[in-house]
1. Confirm whether D367 is of a type outside the set (S, T, Y) and in contact with a strand residue (DSSP E or B) (Cβ under 7 Å, 6 or more places away or on another chain).
2. May I ask you to list the residues in the range 448-485 that are within 30 Å of the chain's Cα centre (by Cα) and loosely packed, with under 14 Cβ neighbours inside 10 Å?
3. Taking the condition surrounded by fewer than 16 Cβ atoms within 10 Å (Cβ to Cβ), more than 25 Å from N377 (Cα to Cα) and at pLDDT 90 or above, does S513 pass?
4. Assess whether Q223 counts as being surrounded by fewer than 21 Cβ atoms within 10 Å (Cβ to Cβ), in contact (Cβ under 8 Å) with a residue 60 or more places away in the chain and polar (S, T, N, Q).
5. Looking at I331, is it of a type in the set (A, V, I, L, M, F, W, C), farther than 30 Å from L35 by Cα and either modelled with pLDDT of 95 or more or surrounded by 13 or more Cβ atoms within 10 Å (Cβ to Cβ) (or both)?
6. Residue check: is G454 in a helix (DSSP H, G or I) and either touching a residue at least 40 places away in the same chain (Cβ under 8 Å) or in the same structural domain as M514 (by TED's automatic domain parsing) (or both)?
7. Anything in the range 293-339 that is assigned to a strand (DSSP E or B), over 18 Å from R275 (Cβ atoms) and of a type in the set (G, A, S)? List them, or say none.
8. Which residues, taken from the range 523-569, are more than 12 Å from I489 (Cβ to Cβ) and in a strand (DSSP E or B)?
Amino acid sequence: MKLKTLLFILLFTSLLDAKTSDFSIIVHKPFNAGLVDITQNYDRSITAVGFINATKSTFHKKSTTYTNPYNYLESLSKQYGTRIHLIQIKNNANISFSKTINLAKFAKPASIIKTPSNGYFIGGYTMDGSEVLLLLDSNMNIIHSKYFGTKNYDRMNKLVALKDGGVLAVGTSFTSRSSHDKLFDTGLGNDDICISRFSKDGHLLWSKKYGTVHDDRGIDAAQANDGSIIVLGTTSSDKRNSVILLHLTQNGDTIWMKNIPNKVNLYAKSLLKLRDNTFILSLYELDTVGKEQIRLIKCDIQKNIHINKLLSTTYSSQLNDIQEFSDGKLIGVGSVNDALNTDALVMILDNNFRLLQQEHYGGENYDIFNKAVILNNTQIAVAGIHTDKNSNENNMWIVKLNNDATLASIAINAQGFYHQLCNLFKNEIKKGKVTIKENLIIEFKANILHFKAGKYKLTQQQKQFVKNFSKKLIPFLYAHKNQIDALKINGHTSSEWKNTKFTNKYLNNEELSMQRSYETLKSLFLQQSRSRQNYLSKILQGSGINYQAKIMTHKKEDKAKSRRVSFQIILH
């Protein structure tokens, strides 16, 4: 896969290159970095949240004299750690904003949520064991922050958007550091699921612990149509790992808890609420040879399991996140690894978990997709981690996919389309066969491509040219399909029509121009594969222009050149 590299400055293929540029962006930072979540903004740009590793001395310089070398070494260890970092990307793949959130404590993010006021909620955890919630404005400035959790070592795993504009923090409270800590006695087990609810202003409404007498961890959650909450977690004891579901009221009271039955150890990755108010659990288990295999479960709010399906794969695979398209299809992103490397994984599934498409992306090292968001145009933005060849450092990675799991292209404007078309058809332009205008109209210029007076059927030369022409144009349009509104094929005539009055002359030329459009459209369409025909059926438009756009040379109509067809690309 072709990957573009960013070292604070984005480099990508020039618009003058006829080859389309894949929307795959790698951001290098000093030391390890990565992206964990992604969202779309109201202006259609995307924002991803991740982490970098930096020194605290950059932000808090303090002069101290040490007499003990061990104290000095300890102070150095406290100066280096993980910080939350945000990146905003435009449709043209330019980074419009890049900012590190400077907290007093080192912290790592878990999730990002767009707020109705065009800001963000960021959820995460500090390196010393607290959960943290940040409310940012549209410029990514902190307007409210909250450190919370128990006196144990707490860790947030997911931040979930709620209907009232607030958020739900899902995480784990690990074993207390001290047996004298009262929380050690009042905890449900060793490690417990911690759920905290916040208002739309970021104020803590309640925080509660859940689980069994064993080690329990909070993984994900979703809000049902009635406002209640489904929580996905895991429980483990004596080398046995299983998955549990909890149903909570809006106030956090337990309605029921269910253990998902399975013959082997089961691990949880994510939870998704579907439009029909059922829920999908993305899980994985180990097969007899120790390979990770994906298991998907669909259940409802009454604890009923509708589908329980194992997706057997050749290599170890996990789906870290699943999202639902408006037509009910699903996309899952995660990782697949063999003995040599780990690749990012994309799966397209139907609503019964039947695999429709699978793609792997990455280089020769470690690559993984962590989170996906379906965009307004049905493309998918994905956040993850990429590792360069012969490197041990992870990098931030953002990819855009089409809804068939193929890589999307970087969006270009009309001027960019014009330059790419000119480069694509540079040989035809040089030989005088076509001309291309900045309004994306392509005219057939060569004499052999013009029609005889009153004729509309294509000659063999015209058919062959349309065939060769479409072999270049159609793949180009398909690569940019999310920017294409229509491909118009316009038929033209000269203004003549012998021995007839104006009315009949106009109507006859109108019919003739539509016939020329149709014959060209038919010839182009029949030469395509079924998949390309399906695509063209959504954008092709035939029309008769009559002699409204007749060719004028030295203020005189050139009748022969006026009898033609032209193509026009219409962008969104």
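The values are calculated or read from the model by the stated rules, or taken from the named source; none is laboratory data. Being a predicted model, the structure only gives us computed values, none of them experimental. Cβ atoms come from the backbone with ideal geometry, glycine included; neighbour counts cover every protein chain shown.
1. yes
2. K471, P475, D485
3. no
4. Here the answer is yes, as Q223 does meet what is asked.
5. no
6. Against the criterion (in a helix (DSSP H, G or I) and either touching a residue at least 40 places away in the same chain (Cβ under 8 Å) or in the same structural domain as M514 (by TED's automatic domain parsing) (or both)), G454 does not qualify.
7. Those that are assigned to a strand (DSSP E or B), over 18 Å from R275 (Cβ atoms) and of a type in the set (G, A, S): S316, S317, G334, S335.
8. Matches in the range 523-569: N546, M552, T553, K556, E557.
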